[in-house]
Structures are given as structure tokens and as C-alpha cells.
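> Provided herewith is a single structure, encoded as C-alpha cells, for subsequent inquiry.
Each reported figure results from applying straightforward, stated rules to the coordinates on display, with no laboratory input. The structure presented is a predicted model; accordingly, all values stated were derived computationally and were not measured. Here the Cβ positions follow ideal geometry from the backbone for every residue, glycine too, while neighbour counts run over all protein chains shown.
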Amino acid sequence: MRILFLTQWFQPENFFKGLPFAKALKDRGHDVEVLTGFPNYPGGKLYPGYRIRCYQKEVMESIIVHRVPLYPSHDKSALRRIANYLSFSLSAFLFGPWFVRKPDIIYVYNLVTLGLPAFFLRFLYGAKVIIDVQDLWPESVAGSGILNNKFLLHVLSRTCDWVYRKADQLVVLSQGFKEHLIQRGISPEKITLIYNWCQEIDIRGNASLSDSALTASAQRPFTVLFAGAMGIYQGLDTLLQCAEICLTQIPDVRFILIGGGADRERLEKMASKMKLDNVDFLPPRSTETMGEIYDLADVLIVHLKDQPLFRITIPSKTQAYLYMGKPVIMAGRGDAATLVEQAGAGIACAPDHPDAIMAAIKTLRDAGAEERRKMGEAGHSYYMQNLSFDKGVKNFEETMFSLSGQKH
């Protein structure tokens, strides 16, 4: 098959369904090329070595990448964010047909604003369009606070419904997403569930695979690790409140929070004001260098505010945590909690309730190192069988073959 990736983001931006995904499909014998913009995410500034021009072609590890202009921005301004999305959509519509070869499949990553160029290319070439739905618009847009105008949100909702109905196939990341789209009038036959994967590199370390946890010193603190973005949606005030309770009830517990995010500075000030000497904030680091941090952890924790949209969302750190082979506390409701419980990888508990999180921590601490090791290995095994990169690529390939009518 000839497969066209139509995506606003691509490497060198840190885009997990980008170059590795394209290369994996190429390694399976498919002809893959990319139509994308000039890299500026997440800061909204062009990456070194790039400047906006009408067209740029490059080859990245044997993958042909076509770049067309856009307005670089990714701040909190609704006007500039709209200009960012629409400028790439318009460029892809105007310039894309001149540069890309005839595809069999057009794989569209997430943005409904790409419906226009995708459907135009489909009209020209008779290709099939797959849209990978990673965010539910307008719900996620309204929830972010970027856009609050009811009329514009209504227009966006109608646009989304039109794009989803016109697509040949939708791929979603959770069962909840599928049910939500069915409620919006999308045919169930047009929706395929393919779980996201994580960046799979050799960062698991030795702690989860050896007996080191069993022989650790009794004086070693029981360490709970949160790794990832510290934003408003994560609701990490609750985790700090849990740490405050632990100071008196289970004082041998230590919390490590590593990563960046819009809420990190406020959280650090809050922890200092609360005098939480059992909480450490560590600066962000690359995935490749996270092994030693994961080795310190006895338990990995996810927390999301208790909002309806998050009940059908599976935060990306869930896959990474399962892959790491450590027990997981999922402080959240819905699909992500179900996933952890199905995997036998840890405990799900109520979000926004510090006492519930403390009880989950105590349960895992008291379970003992051997039981935690079994949970971690169960999570890793579940990930490799159901959520891995290889599994995801195979599922996408099967979906593309089915849609194109071609045979393996």
C-alpha cells in the first residue's frame, strides 16, 4: 500500500506516532510518505535549521517528508491557536496535491481541521481516509479553557460530527471514546479501537526484573513516583494532600514528582508551604535517562481530576507505567482504571480523595516486595500482549488492508 501520513506534527517534534510508526509500516513493505508542517511544537518557535517557506522536502531515515507552511504558535491564545491549526490545513489543501504521490490510505492524526485537505486528496486520488482520534472536540477544547464562546463551540461540534461521518474509518484510543462517538451518531462499524503505545526503549532497569527489591534495606523509604506533565488536569494538589496525611500515618513513604508543566511552580510552592519533607521535585529528563528514576520507585501513580471526559481517556503515562513493570496506582475512574485492573497491575482508587490514595499506597506497601513484583510483571506482560508498539502497528496495518481492499 501507499500510505500518506497527514499530520501537523512530526519529528523532530516529539511525536510518538511519527517517524517510528512510519518506519515500521515501511519495514512491512509499504510505501510511506508524510505531509506535515514546519516543527514548532510545543513552544511555538521554529526548531533550529528550519524557516517557514512554501515547501520543503527532506528524507528522514528513508521516509519522504513534505513540509508546507503554517503559523507557528502553541500558546493559550484562542485566536493564535486557531490560526495555527487552520493555516496548516489550508497549506495542506493548497500545496499537498502538488507534492504527494497518489496514496491508497490517508492516515490523519487527530485534528478535525485536517478533514478538508484529507477529503480533497481522497477526491483526487480515490484513497481511503483514516482519522486517529486522540482528543474529543469540542469537549477537550472547552475543558482547556482556550475557547469558551458557546456559538463557536457549537460550530466546532457540528464540524467535528461532519468530519467524523465523512471519514472512511476512525481509530480511537479507548472503549469510552468509541461509545461517545456512537452516541454522536457515528456508525459503530466505522470505529476501531487501537490502544496507544509508549516509547519503548531499554529503560526498565533491573529493579523490576531482579530480586533487588526483595533484598533492599528495611530503612529504604517506600517510594511513590509521579512522572510526566504537571498541569491543571492532573490535579496534583490531591497528591500533596495525600503526602501530608502520610507524614503522620505512614511516615516511611516518600513521593517523587518528576517532569515539567504549567502547574509545577505552584505545586512546589504549595509543598514548601505545607512543609512536606517527604516530597521531592525533580527536573524533567529525557525518556532514555529515566531508568534510574524508575528503579527508585516502588509504585507508580497516575492522577486525573474526576471529570466526565477523563473517564473515557487513557493518559499516555498509563502505557509507559505498565511497560516499566512496576505496580500502578490509578487514581482515576473509567477506562484507565479498568485497564489497570484487567492487567492485574495494581490498584484503582477514587481521584480527588487523598485518603483513598493513601489507603492504596498502604495496601501496596504492606503487600510486600514479591507481590508488587508480580503485579509489575503482570502489567508488563499485559502491555506487551495488548498495547505494545508492535501490536499497535499490526492492528493499524490490518485496518488499512481491510479499508483498502488489498490483501496481505
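> For region 222-386, what is the charge dipole size about the Cα centre, in debye to the nearest 20, if Lys and Arg each add +1 at the Cβ and Asp and Glu each add -1 at the Cβ?
The dipole of region 222-386 has a size of about 200 debye.
> Sorting HIS303, HIS154 on the 10 Å Cβ count, fewest up front, what's the list?
Placing the least packed residue first, the sequence is HIS154, HIS303.
> Another question, then. Answer with one residue from ILE232, ILE245, ALA348: the one whose Cα lies farthest towards the positive end of the charge dipole of region 222-386, charges on Cβ with Lys, Arg +1 and Asp, Glu -1.
So the residue furthest toward the plus end is ILE232.
> Normalising by the residue count of region 222-386, find the relative contact order in percent from Cα pairs under 8 Å and 6+ residues apart.
Relative contact order of region 222-386: 24 percent.
> Also, quick follow-up: So what is the calculated 222 nm ellipticity per residue for the chain, using -39500 (n - 2.57) for each DSSP H run with n of 4 or more, over all residues, to the nearest 500 deg cm²/dmol?
It lands at -13000 deg cm²/dmol.
> So for region 59-178, averaging the separation of alpha carbon pairs under 8 Å that are six or more residues apart and normalising by length, what relative contact order in percent results?
Relative contact order comes out at 21 percent.
> Farthest toward the dipole's positive end in region 222-386, which of MET274, ALA262, TYR323, given Cβ charges of +1 (Lys, Arg) and -1 (Asp, Glu) about the Cα centre?
In region 222-386, that residue is ALA262.
> Under 5 Å between amide H atoms, partner at least 5 residues away or on a different chain: which partners does GLY346 have, H built in plane at 1.01 Å?
Result for GLY346 returns VAL328.
> Okay, next question. On a straight-distance basis, which aspartates and glutamates could pair with LYS178 in a cross-link, Cα separation under 19 angstrom, same-chain partners fewer than 8 positions away excluded?
Hits, sequence-local ones excluded: ASP132, ASP135, GLU139, ASP161, ASP168, GLU189, ASP335, GLU398.
> Rounding to the nearest 20 debye, state how big the charge dipole of the chain is about its Cα centre with +1 on each Lys and Arg Cβ and -1 on each Asp and Glu Cβ.
So the dipole magnitude of the chain works out to roughly 1480 debye.
> By how many degrees, between 0 and 90 and to the nearest 10, does the Cα long axis of helix 354-367 differ from the longest principal axis of the chain?
70 degrees
> Using unit Cβ charges (K, R positive; D, E negative) and no other charged atoms, how large, in debye to the nearest 20, is the dipole of region 262-301 about its Cα centre?
Rounded to the nearest 20 debye, it is 340 debye.
> How far, in nm, would the chain grow between VAL59 and LEU86 when pulled straight, counting 0.36 nm per residue and subtracting the alpha carbon separation?
7.2 nm
> Order by neighbour count: VAL100, VAL133, fewest other Cβ atoms within 10 Å first, most last.
Lowest to highest Cβ neighbour count: VAL100, VAL133.
> How far is helix 115-125 tilted off the main Cα axis of the chain, in degrees rounded to 10, range 0 to 90?
Taking the Cα atoms of the chain, the angle to 115-125 is about 50 degrees.
> Need one word for the chain: rounded, prolate or oblate. Basis is the Cα gyration tensor (sqrt eigenvalues a ≥ b ≥ c); a/c below 1.5 gives rounded, then a/b vs b/c decides.
Because a/c hits 1.5 or more and a/b exceeds b/c, the chain counts as prolate.
> Determine, for region 222-386, the count of lysine pairs separated by eight or more sequence positions (or lying on different chains) whose alpha-carbon distance falls under 19 Å.
5
> Let me ask another. Go through 85-95, 20-30 and give me the packing order, highest mean Cβ count within 10 Å leading.
85-95, 20-30
> Can you list residues whose amide H is under 5 Å from LEU282's amide H, if they're 5+ apart or on another chain and H is modeled 1.01 Å from N?
The list, which skips near neighbours in sequence, is LEU257, ILE258, GLY259.
> Run the numbers for ASP390 and ALA367: contour at 0.36 nm per residue of separation, minus the present Cα-Cα distance, in nm.
Contour length minus the Cα-Cα distance gives 5.0 nm.
> Now a separate question. Toward the positive end of the charge dipole of region 1-139, about the Cα centre and with charges on Cβ (Lys, Arg +1; Asp, Glu -1), which of PRO12, PHE99, LEU79 goes farthest?
After comparing all options, I get PHE99.
> Hey, another quick one. What order do you get for 156-167, 320-331, 108-119, 375-386 when each peptide is scored by the mean count of other beta carbon atoms within 10 Å, highest first?
In descending order of packing, they fall as 320-331, 108-119, 375-386, 156-167.
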